[in-house]
There are 2 protein chains.
Amino acid sequence: MVRAGLTTERLTRAGAELADEVGFDQVTVSALARRFDVKVASLYSHLKNSQDLKTRIALFALEELADRVADALAGRAGKDALAAFADAYRDYAREHPGRYAAARFRLDPETAAVSAGARHAQMTRAILRGYDLTEPDQTHAVRMLGSVFHGYVSLELAGGFEHSVPDAQESWAWIVDSLDALLRNRATP
Amino acid sequence: MVRAGLTTERLTRAGAELADEVGFDQVTVSALARRFDVKVASLYSHLKNSQDLKTRIALFALEELADRVADALAGRAGKDALAAFADAYRDYAREHPGRYAAARFRLDPETAAVSAGARHAQMTRAILRGYDLTEPDQTHAVRMLGSVFHGYVSLELAGGFEHSVPDAQESWAWIVDSLDALLRNRATP
DNA sequence: CTAATTTGCCTAAAGCTATTAGGCAAATGC
DNA sequence: GCATTTGCCTAATAGCTTTAGGCAAATTAG
């Protein structure tokens, strides 16, 4: 019989696509096997288990998102950088809701250490360089930006702003504007 | 044989407790049956299915959280109200992580309509009365507050601020402060 | 206070997911 | 062309979900 050509790489990518189609929670080893028209047990030569699959999808999504954000930030500073960062984040979540959810999957500390998590933190701090914040304000600001963006995107994906005015895009712009003003006000004199 | 005295009410409450102990995602009809020392099939006289159980826990959590927020807001206005709202929200999530997660469970529109969701929205708007915002700014502000608080609490529960300085409480205070300033700046002259 | 009815929990069974063990055939190396 | 490695398979166990049908306990009626 002809082989399917499974590899951990291909399974991870297909898992990410599956996540976008059916939701990260619904990503199962069985569903993935069906997609490759292969028996479930066959995947266990390439994946330790279900948790391993999800972890790999999470790492993949974190890298991909970090790459996008890095592209968006290139050559920008100040409010421009803030808006680019915000949009990169939100656009990724809307294009790839399953991968976005994967990127929020809780990793064990050792795995988190080798993930793109650190790049994300660095890029957030890079944006704040435009606002002259000193510690501990800078850390507070990092946390605030992470909270607003993640919170907004989660609520939007959960349908929280559907069928209501003004539309989600307008509020997003208002919020980015407000955050820029807020950070300028917090600047160390 | 002696009966266990199952009711939909008791199952929902026990489900909420279970959620706090093992996480909302891990709440299963089987686990709940074990907790009552009863066979799984027995629960199906009181619950339509697993989804029904989760929906009931979600509605319960939404009510409970709304009650807490209402208590916290009583007699307060302005920044005081904002801080009380924020703390009620965060404290609930830390005391009852499973219920908090349940409160974010996506409900179908008909169920959402009879949930305490509307009370939450009203209370958020009530806080903004202290800041003289007119539409559409008020709606933008409602969305922003929801995003920041939900985002911060999710990140904190996911362990995002563990083992790092300054501690989560300090950033929370800084953020509430900043939001108060932001909203005052946005006031309609 | 017993008889009829309703209600509550049980057993049984089928279907889906996760995971492990062991086998045969295809691909690869010599 | 033969030996080895590798890849996908079958088989089996275990847990969760859900439905169907049964018996006993609680409730109501006579």
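The values are calculated or read from the model by the stated rules, or taken from the named source; none is laboratory data. Every value quoted in this text rests on a predicted model; they were computed, and no experiment measured them. With ideal geometry, Cβ positions are generated from the backbone for all residues, glycine too; neighbour counts draw on all protein chains shown. The protein model used for the area step is the full one, side chains on, heavy atoms only, and it has no ligands, DNA or RNA in it. Shrake-Rupley method; radii C 1.70, N 1.55, O 1.52, S 1.80 Å.
Of the whole protein surface, residue A:178 contributes about 0 Å² of accessible area at a 1.4 Å probe radius.
Shortest first, residue A:157 label-point distances to identical copies amount to 1.5 nm, with the label point at 7 Å from Cα along Cα→Cβ.
Plainly put, segment B:72-179 has a radius of gyration that is 0.97 times its Kirkwood radius, both from alpha-carbon atoms, as the Rg/Rh ratio.
Computed over chain A with a Gaussian network model linking Cα atoms closer than 10 Å, the most mobile of A:145, A:155, A:82 is A:155. Rounded to whole numbers, the Karplus 3J(HN,Hα) couplings from phi for segment A:90-97 are 5, 4, 4, 5, 6, 6, 10, x Hz, using 6.51 cos²θ - 1.76 cosθ + 1.60 with θ = phi - 60°, and x at Gly and Pro.
Summing Lys and Arg as +1 and Asp and Glu as -1 over all other residues whose Cβ lies under 13 Å from the Cβ of residue A:73 gives a net charge of +2. Note on segment B:95-170 and segment A:1-53: Cα centroid distance 35 Å, given to the nearest whole angstrom. Shape call for chain A from the C-alpha gyration tensor, a ≥ b ≥ c root eigenvalues: rounded (a/c under 1.5), prolate (a/b greater than b/c) or oblate? Since a/c reaches 1.5 and a/b is larger than b/c, the shape of chain A is classed as prolate. Taking all Cα pairs closer than 8 Å and separated by 6 or more residues, the relative contact order of segment A:14-59 comes to 34 percent.
Add +1 for every Lys or Arg and -1 for every Asp or Glu among the other residues with Cβ under 15 Å from the Cβ of residue B:180, and state the total.
Spelling it out: positives minus negatives among the neighbours equals +2.
Given the options A:14, A:44, A:86, identify the residue whose Cα lies farthest towards the positive end of the charge dipole of segment A:8-186 (+1 on Cβ of Lys, Arg; -1 on Cβ of Asp, Glu). Value computed over the given set: A:44.
Distances between equivalent label points of residue B:41 across the copies, with each point positioned 7 Å along Cα→Cβ, amount to 3.0 nm, shortest listed first. In segment B:52-102, Rg over Rh equals 1.06, where Rg is the alpha-carbon radius of gyration and Rh the Kirkwood radius from pairwise Cα distances. Taking a Cβ cut-off of under 13 Å around residue A:18, the surrounding Lys, Arg, Asp and Glu residues balance to a net charge of +3, with basic ones at +1 and acidic ones at -1. What sits nearest the axis between copies A and B, counting only chain A Cβ atoms, is the residue and whole-Å distance A:151, 1. Our coupling estimate for segment A:177-188, obtained by passing each phi through the Karplus curve with A = 6.51, B = -1.76, C = 1.60 and θ = phi - 60°, is 4, 5, 5, 4, 4, 4, 5, 5, 5, 7, 4, 6 Hz, Gly and Pro reported as x. Residue by residue, segment B:68-74 carries 3J(HN,Hα) couplings of 4, 5, 4, 4, 5, 7, 3 Hz when phi is fed to the Karplus relation 6.51 cos²θ - 1.76 cosθ + 1.60 (θ = phi - 60°); x denotes Gly or Pro.
Taking 8 Å as the Cα distance limit and 6 or more residues as the minimum spacing, I'd like the relative contact order of chain A as a percentage.
22 percent
Comparing A:58, A:121, A:41 in a Gaussian network model of chain A where C-alpha atoms under 10 Å apart are linked, the largest mean-square fluctuation is found at A:41.
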